[in-house]
Amino acid sequence: MKQINEMKLQIPGKSANESFARAALSAFAAQLDPTIDELADIKTAVSEAVTNCIVHGYRDEIGPVYIHAKLYEDNTLTIKIRDKGCGIPDIKQAMEPLFTTCTTGERAGLGFAVMQSFMDKVRVTSKPGKGTCVVLTKKLLSKGAGNA
Ligand SMILES: Nc1ncnc2c1ncn2[C@@H]1O[C@H](COP(=O)(O)OP(=O)(O)OP(=O)(O)O)[C@@H](O)[C@H]1O
Ligand SMILES: [Mg+2]
């Protein structure tokens, strides 16, 4: 499938940048003329993935979060969100609804479940000690102005 546009973003994993990442992705996706629901879905999924990099990937440190979004001519949007943090030892277990390694009770263990319900596809790769990469894919129903 032909790629029609892309954008790359690198931000320090600070919580202030979570809303920035969400807004940036929303602005990028806007060229496809998405519905309000589609935009809300994308923003929520991006928030969850970026928050995971900040909270789990880097824990008490601040490290870089890399975002690479691509638009394809069939209105498919892919968003790659990557950190160089601690990594995930068991991805299958991490993606199970309600699984969390958070012990303070602040987290529900639903981030991946939310990403999966709001996007068409969620692919996770990770290496303990090296980092984690999440690729979110969604085909938008909108007619798309992306060729302009
Ligand atoms: N980028 C990451 N780096 C390291 N571990 C991660 C990363 N993303 C997720 N995990 C692990 O996967 C688990 C499940 O993630 P998920 O987002 O589903 O739930 P949560 O973050 O614990 O809770 P919630 O998202 O509901 O606040 C996390 O508790 C964490 O152990
Ligand atoms: Mg989470």
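The values are calculated or read from the model by the stated rules, or taken from the named source; none is laboratory data. This structure is a prediction, so every number in the text was calculated from the model and none was measured. In this analysis, Cβ positions are derived from the backbone assuming ideal geometry, glycine residues included, and neighbour counts consider all displayed protein chains. Side chains included, ligands, DNA and RNA excluded: accessible areas come from the protein's heavy atoms. Shrake-Rupley method; radii C 1.70, N 1.55, O 1.52, S 1.80 Å.
Numbers below:
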| item | result |
| --- | --- |
| Descending Cα extents along the principal axes, the range 3-140, whole Å | 41, 27, 24 |
| The range 21-148 - percent of accessible surface contributed by carbon and sulfur, probe 1.4 Å | 53 |
| Vicinal HN-Hα couplings computed from phi for the range 91-106 (Karplus, 6.51 cos²θ - 1.76 cosθ + 1.60; Hz; Gly/Pro x) | 5, 4, 5, 4, 7, 5, x, 6, 7, 8, 9, 6, 9, 8, x, 6 |
| GluC sites (Glu not before Pro) within the range 42-148: DSSP coil, no more than 12 neighbouring Cβ in 10 Å | E61, E106 |
| Simple Cβ-charge dipole of the chain, Lys/Arg +1 and Asp/Glu -1, about Cα centre, in debye nearest 20 | 440 |
| For the range 37-49, 3J(HN,Hα) per residue [Karplus equation, 6.51 cos²θ - 1.76 cosθ + 1.60, θ = phi - 60°, Hz, x = Gly/Pro] | 5, 4, 4, 4, 4, 5, 4, 5, 5, 5, 4, 4, 5 |
| Per residue solvent-accessible surface (Å²) - the range 3-140, probe of 1.4 Å | 52 |
| Reachable lysines from K84, criterion Cα separation under 26 angstrom, eight or more residues apart if same chain | K8, K14, K43, K70, K92, K121, K127, K130, K138 |
| Percentage relative contact order, the range 3-140, counting C-alpha pairs under 8 Å, at least six apart | 28 |
